[in-house]
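One structure is given here, and the rest of the page talks about it.
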Amino acid sequence: MATPKFSVLIANYNNAHLIRQALDSVQKQTVQDFEIIVVDDGSTDNSRSVVNEASASFGGKLRYIYQANKGVSGARNTAIGASIGDYITFLDPDDYWHDRRLEAHADVLDKHENVDICCSDFERLHEDGRSERHFSKWVAFPDFPFEKEISRQDAVRWLLRVNFVGTNGITIRRSCALAVGLFNEDLKQAEDYDYWLRCATNSNFYVIPRVLHTYRIHQGGLTKNFLENCEYSQRVVQEYERAYGSFIKSHGLEDAIKNSISQRWYEIGNLNFDSGQTSRAFRSYVTGLQAEMSFANLLRFMSVTLRKTARLATFDALSKERLAYRS
């Protein structure tokens, strides 16, 4: 079997109702030089039959692997181990690519030998039909280095500031993936963020500001998921600091690390505050201040705590007013 250009890796768990659309979006690609590896991570629905039915139209390009449930990282690691393509790329079974997604990524990696990682913009699709572009909503920085080679230190610096990568929108050279290793199966969330940071430490990035896939936003416990993801992201940054201390120091990233950790403590505090966990929130703000002892951060701490204290006072006053009115 000739080595395909792309290995399309799909980690599936109970997405029989959506995975066919994901597979169809691969079949519609303008570049057809690929293999697809679906790792079914212990699904209990009819995923197997859906994938097997779809495989007939791929002419032997699709492989299905079933394993006992290990989580998304375990499934992706199995897929990486089974893949042979020059470029490794991911697609979640509940999302889908736009027709020129592989073509755009191949164009970048084929032309830029010093770039091992390419990612692109995407739309976030809500259940009510609303959508927004990821880069314009979540990476709203006018100085972001689109459509150019981004050095390792600059890619890490940007990732510490904001996770701009969507899993369905990234392609990695096999040589880089082999150097980085596998996903961390101990992380229940933010395992992708951990992987992107490690990739950025090993190679240059390239970011395409074109929407090339659609990511579905599933509701249900969204605030809790944001909080858990933020806490895991914090853990990822802290572990990255310990594991890559020499790289951080040699590339002048100490302040970026401190700012990243501090900023996440404020985000964790805000999410706790919005959930009614005010004591935890204010403890997080204090930890955020301690993580980066600077004048700018002191001003940020004072601003945040004063605003939150004012909100608590306003809420308390309104509650007393309502009680007085009812009595």
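Remarks
- Residue pairs, from the table Lys148/Lys258; Lys5/Lys28; Lys28/Lys61; Lys258/Lys308, whose Cα atoms sit over 20 Å apart: Lys148/Lys258; Lys258/Lys308
- Local net charge near Leu187, Cβ-Cβ under 13 Å (Lys/Arg +1, Asp/Glu -1): -3
- Per-residue Karplus couplings for segment 203-217, computed as 6.51 cos²θ - 1.76 cosθ + 1.60 with θ equal to phi - 60°, are listed in order as 7, 6, 9, 8, 10, 9, x, 10, 6, 10, 7, 10, 10, 7, 9 Hz, Gly and Pro entered as x.
- Share of Cα-Cα pairs in segment 143-245 lying beyond 16 Å, as whole percent: 61
- The chain: angle of helix 72-82 to the longest principal axis, Cα-based, in degrees nearest 10: 30
- Counting all C-alpha pairs of segment 1-91, share separated by more than 18 Å (%): 38
- In the context of the full set of protein chains, residues of the chain present 48 Å² of accessible surface per residue (probe radius 1.4 Å, heavy atoms only).
- For segment 231-271 versus segment 169-184, the spacing of their alpha-carbon centroids is 22 Å.
- For Gln67, net neighbour charge (Lys/Arg +1, Asp/Glu -1) across residues whose Cβ lies under 10 Å away: -1
- Within straight-line cross-link reach of Lys249, aspartates and glutamates at Cα separation under 18 Å, skipping those fewer than 8 residues along the same chain: Asp154, Glu239, Glu241, Glu292
- Summarised in one figure, the compactness ratio Rg/Rh of the chain, Cα atoms and Kirkwood Rh, is 1.02.
- Short-range pairs are left out: with C-alpha atoms under 8 Å and at least six residues apart, the relative contact order of segment 117-246 is 41 percent.
- Positive-end extreme of charge dipole, the chain - chosen from Val26, Gln290, Val50 (charges on Cβ): Gln290
- Restricting the calculation to alpha carbons of segment 58-208 gives Rg and Dmax of 15.5, 45 angstrom.
- Across segment 195-290, the convex hull enclosing all Cα atoms gives 128 Å³ per residue.
- The portion of the accessible surface of segment 1-158 made up by carbon and sulfur, rounded to a whole percent, is 46 (1.4 Å probe; DNA, RNA and ligands excluded).
The values are calculated or read from the model by the stated rules, or taken from the named source; none is laboratory data. Please read these numbers as outputs of a predicted model, since none were measured by experiment. Quick reminder, even Gly has a Cβ in these numbers, built from the backbone with ideal geometry, and neighbours come from all protein chains shown. Accessible surface areas use protein heavy atoms only, side chains included; no ligands, DNA or RNA. Shrake-Rupley method; radii C 1.70, N 1.55, O 1.52, S 1.80 Å.
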